[in-house]
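Okay, so here's the structure we're looking at.
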2 protein chains.
Amino acid sequence: MQAWSLATRRAGLRIGLVPTMGYLHDGHLSLVREALARADRCVLSIFVNPIQFLPGEDLAKYPRDLPRDERLCESAGVDVVFHPEASALYAPDFSTYVEETALTGVLCGASRPGHFRGVTTVVAKLFNLVQPDVAVFGQKDFQQAAVVKRMAGDLNFPVKIVVAPTRREPDGLAMSSRNKYLDPEQRAQAVILYHSLQAAKAAVKIKSIAAGRLKDDLTEFITAAPLARLDYVELFDPATLEPVKLVKPGTQMALAVFFGKTRLIDNDRL
Amino acid sequence: MQAWSLATRRAGLRIGLVPTMGYLHDGHLSLVREALARADRCVLSIFVNPIQFLPGEDLAKYPRDLPRDERLCESAGVDVVFHPEASALYAPDFSTYVEETALTGVLCGASRPGHFRGVTTVVAKLFNLVQPDVAVFGQKDFQQAAVVKRMAGDLNFPVKIVVAPTRREPDGLAMSSRNKYLDPEQRAQAVILYHSLQAAKAAVKIKSIAAGRLKDDLTEFITAAPLARLDYVELFDPATLEPVKLVKPGTQMALAVFFGKTRLIDNDRL
């Protein structure tokens, strides 16, 4: 991978990277289009990164279908599908971690301690292996994009981080490989995440609202879906991820909701 | 710096990096020669990295003489002297650290908690800024070289880490910018570090020795220098930095000794 990348850069070509965990959907393919608009070559990595999963999470059963992913990549114009084995990225004596410390204590970082350390570590490794000029991340993972941006800037990686819009199913559910876990009833109710965002947007259009009040309303709204178990709903400054007291246009909203063991996330700028 | 480096690499030229804290001596210049033997261009960085100093250490008074350093670099054939300000490398909201977790709890890492996190973080930043093909470190900082090597491998930096031999004064004292702090009496006694290494080498040539016994003997030997205050003397496996029970040829020895506030280190393979 690295030899190809160094030679490609030496030839004066720009490399775009789309890091994924595979089981690709249209959301991923929209990131590929974004990468190809900004670079001469597109590398899509598929790696279910063990160190970003907590004990008890879905590492072992995370959906995988490499032949299908490769076909999708080929039709999307991906130049290289990079799918290393975990043992190739993590030697038995692996002991170095990249950790962002300011933006990772809240939201998904609070629910999944250690998760973002795994993310920033593997992204740093992928940057060094793929040597991209630009890397494209999805807006659906808002905190991940913010953390990766900060990490890349802090460590002076010569990589432009691009965040591309969330792609949605016709009913509004954000596309995610984890949607596959949902049974039909859960799938029908999962649209509650999108509806919550829409409800908050509509409310804020009328007037600014105390964050506590809006969270209470949204919590009630979400728990009205009988299969939904709210992990968090937060209203915060999109630059610092710090909670706001008064919600107004420009405030970022993010939420995480369990359906059975499946944890879904979504977010939007209000 | 990064623009020069990316253009230089694109031109097919190899870059060697010598990271330093400045106040250069012959030890540093031997690293430059090593870099120039392995690369087409040599970048020497001068940066007194605040995050690798602990509170109460010598950050503020660390010796600095940039004009002299630049003259030395020019005569040594250095192509670029890279001397960023601390504020250019650490934004007010800087929050990302690179941490090696297996090799940093012992030796200098035990005496200076947090020191190596500062080292690995700034070295990762320098690798990204200078984009070297090869980086040269001094053997005097044995643990630093081991930690940087592990970090570079774990994070897949495309950088070859070279460790060059310690340069010594005529009486055997390892060259160090911190030797400048020593008054004449301390300077005379500082050779005890080198003599300890020589004594251990001589002892091991005769027969293997229990580590505890050798440490006791060396402690007694060092404290015979009235101005010396031993920080540590350790006998360990050079690959894992784990202490050995039986000292034999191939065992690594390292020691740190204070003279007043000045902390000197040295090491050798026995």
query = Taking Cα atoms, how many degrees apart are the long axis of helix A:115-130 and the longest axis of chain A, rounded to 10 and kept between 0 and 90?
reply = 30
query = For the stretch B:89-156 and the stretch A:47-98, what is the separation of their C-alpha centers, rounded to whole Å?
reply = 26
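Before anything else, pin down the relative contact order of chain B: Cα pairs under 8 Å, at least 6 apart, normalised by residue count, whole percent.
On the way: 464 pairs, mean separation 47.1, N = 270.
Relative contact order of chain B: 17 percent.
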query = Measuring label to label, 7 Å along Cα→Cβ, what does B:LYS207 give against each other copy in nm, shortest first?
reply = 9.2
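Which whole number in µm²/s is D for the protein assembly as shown by Stokes-Einstein, with the Kirkwood Rh taken over Cα pairs at 4 °C and 1.567 mPa s? Mind showing how you got there, number by number?
On the way: Rh = 26.0 Å.
So the translational diffusion coefficient is about 50 µm²/s.
Using the crude model of +1 on Lys and Arg Cβ and -1 on Asp and Glu Cβ, and no other charge, please compute the dipole size for the stretch B:2-164 relative to its Cα centre, in debye to 20. Numbers along the way, then the final one.
Values: 17 positive and 17 negative charges, 69 e Å.
Result for the stretch B:2-164 is approximately 320 debye, rounded to the nearest 20.
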key: Calculated label separations, A:ASP40, copies of the chain, 7 Å along the beta-carbon direction, nm   = 1.8
ask   = Relative to the first principal axis of the alpha-carbon coordinates of chain B, what is the inclination of helix B:142-154, with its axis defined by its Cα atoms, in degrees from 0 to 90 and to the nearest 10?
value = 50
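Sort A:151-158, A:171-178 by packing, meaning the average of other beta carbons within 10 Å per residue, with the highest value first.
Values: A:151-158: 21.4, A:171-178: 18.4.
Top of the packing list down: A:151-158, A:171-178.
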task = Would you please state which residues of the stretch A:1-19 a label at A:LYS160 would reach in this model, taking the label point 7 Å out along Cα→Cβ and a backbone N cut-off of under 17 Å?
result = A:9, A:12-19
remark   = Between the Cα axis of helix B:192-206 and the main Cα principal axis of chain B, the angle (0 to 90°, nearest 10) is 60
inquiry  = Between A:SER87 and A:ARG10, how high is the FRET efficiency from 1/(1 + (r/R0)^6) when r is the Cβ-Cβ distance and R₀ = 51 Å? Nearest 0.05.
reply    = 0.95
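Could you give the size of the charge dipole of the stretch A:177-269 about its Cα centre, using +1 on the Cβ of each K and R and -1 on the Cβ of each D and E, expressed in debye and rounded to the nearest 20? Present the calculation step by step, with values, prior to reporting the outcome.
On the way: 14 positive and 11 negative charges, 32 e Å.
That gives the stretch A:177-269 a dipole magnitude of about 160 debye.
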ask   = For the stretch B:118-270, how many pairs of lysine residues have a Cα-Cα distance under 21 Å, where the two are 8 or more positions apart or belong to different chains?
value = 22
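Using the Cα gyration tensor of the stretch B:127-261, with a ≥ b ≥ c the square roots of its eigenvalues, what is the shape: rounded (a/c below 1.5), prolate (a/b larger than b/c) or oblate (neither)?
On the way: a/c = 2.40, a/b = 1.36, b/c = 1.76.
Oblate, since a/c reaches 1.5 and b/c is not below a/b.
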message = Can you list the copy-to-copy distances for A:GLU74, using a point 7 angstrom from Cα toward Cβ, in nanometres, shortest first?
response = 6.1
Exercise: per-residue mean of other protein chain Cβ atoms within 10 Å, B:154-162 = 5
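Read-outs throughout are calculated quantities, based only on the coordinates presented, and are distinct from any laboratory measurement. Small disclaimer: the values here were computed from a predicted structure and weren't measured. Using ideal geometry, Cβ is built from the backbone for each residue, glycine included, and neighbour counts are taken over all protein chains shown.
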